[in-house]
Amino acid sequence: RRGATEGGCRSAQRDWRSGRRTRRGGTWTRSGMAGLRSPSYLTTVGSKIVAVGRNFAAHARELGNEVPARPFFFIKPRSAYVFEGKPVEIPHHCERVDYEVELGVVVGSQLKDATVQQVEDSIAGYTVAIDMTARDIQTVLKEKRLPWAEAKGYDTFCPVSPIIPKEQVASVDALELWLKVDGEERQRGLCELMVFKVPELIAHVSHIMTLEEGDMVLTGTPAGVGRPRTRQHPASRVLVAWTQRRSYINA
């Protein structure tokens, strides 16, 4: 299979398996692809989830927000992860909890003050994820100009698919994310419509905080966010995928 760039993906794969240093000085420290594909990889190796906001112009506008001139982000804890087939726990005091389908990018080696090329070399793989958001709480926090941690950081508020190695993704821009609730499509958007592209986003973050192996960067959501359920009519199934490679999660 072709990777995102010709040649470079194959050499990166060899470095991954052998643990040798890459040509650009990064170090693959994993014990092979089996570890990467294990659900526990993100919770035991990674230290955080970095979530980028308003990276699709249509989504920014649907919530009455301006499209940002530079990337901005917030942090979700590792305890927010929930894996395929496991339920999302909705806090009783939350009146509205929204889904936001996103492309997750898994960092393969430490990045600090990275260049775009260093980011591309470091990417280990991709996931389809949902950034669950307590929208009623977020609205109050935004009005008071307070951080969004409470609205974004509840346990199980980041359902995530298995990791797809980057060699199996020919073009991130060609990925089309979509989300269905009980068979009804609610979101769909091409990654080429991102305001800031993936390598640029991750390089920006690395100039603010060090990204560690196993960290995941959520890259923004297309328009169509909303509630997967109400208390009167709970959804039984939320299905998300991208069109290039079928990678599903249920929440």
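The values are calculated or read from the model by the stated rules, or taken from the named source; none is laboratory data. The structure displayed is predicted, hence computed values, not measured ones. Every residue, glycine as well, gets a Cβ built from its backbone with ideal geometry; the counts of neighbours run over all protein chains shown. Ligands, DNA and RNA are stripped out before the accessible areas are found, and what is left, the full protein with its side chains, is counted by its heavy atoms. Shrake-Rupley method; radii C 1.70, N 1.55, O 1.52, S 1.80 Å.
Taking the protein heavy atoms of region 93-162 in the context of the full set of protein chains, the accessible area attributed to carbon and sulfur is 51 percent at 1.4 Å. For Met194, the accessible area of its heavy atoms, probed at 1.4 Å with every protein chain present, is near 10 square angstrom.
Packing, as the average of other Cβ atoms within 10 Å across residues, places the peptides 109-116, 65-72, 91-98 in the order 109-116, 91-98, 65-72, highest first. Under 20 Å from a point placed 7 Å out from the Cα of Arg237 along the Cα-to-Cβ direction: which residues of region 168-186 have their backbone N that close? Counting only backbone N, you get 177-186. In order along region 94-106, phi translates into HN-Hα couplings of 8, 7, 9, 10, 9, 8, 9, 6, 9, 7, x, 10, 9 Hz, rounded to whole numbers, per the Karplus curve 6.51 cos²θ - 1.76 cosθ + 1.60 with θ = phi - 60° and x for Gly and Pro.
In terms of distances greater than 27 angstrom between alpha carbons, the cross-link table entries Lys48/Lys142; Lys144/Lys197; Lys86/Lys144; Lys144/Lys180 yield Lys144/Lys197; Lys86/Lys144; Lys144/Lys180. When a/c is below 1.5 the answer is rounded, else prolate if a/b is larger than b/c, else oblate, so apply that to region 110-192 with a ≥ b ≥ c taken from the square roots of the Cα gyration tensor eigenvalues. In terms of gyration-tensor shape, oblate.
Extension gain for Glu143-Ala58 works out to 28.4 nm (0.36 nm per residue, less the C-alpha to C-alpha distance).
Other residues within the sphere of radius under 14 Å centred on the Cβ of Val67, judged by their own Cβ, net out at +1 (K and R +1, D and E -1). Could you tell me whether region 42-195 comes out rounded, prolate or oblate from its Cα gyration tensor? Rule is a ≥ b ≥ c as square roots of the eigenvalues, rounded for a/c under 1.5, then prolate if a/b exceeds b/c, otherwise oblate. Judged from the Cα gyration tensor, region 42-195 comes out rounded (a/c under 1.5).
Note that region 148-153 has calculated 3J(HN,Hα) couplings of 9, 3, 5, 6, 10, x Hz, one per residue in order, obtained from phi through the Karplus relation 6.51 cos²θ - 1.76 cosθ + 1.60 (θ = phi - 60°); glycine and proline are x.
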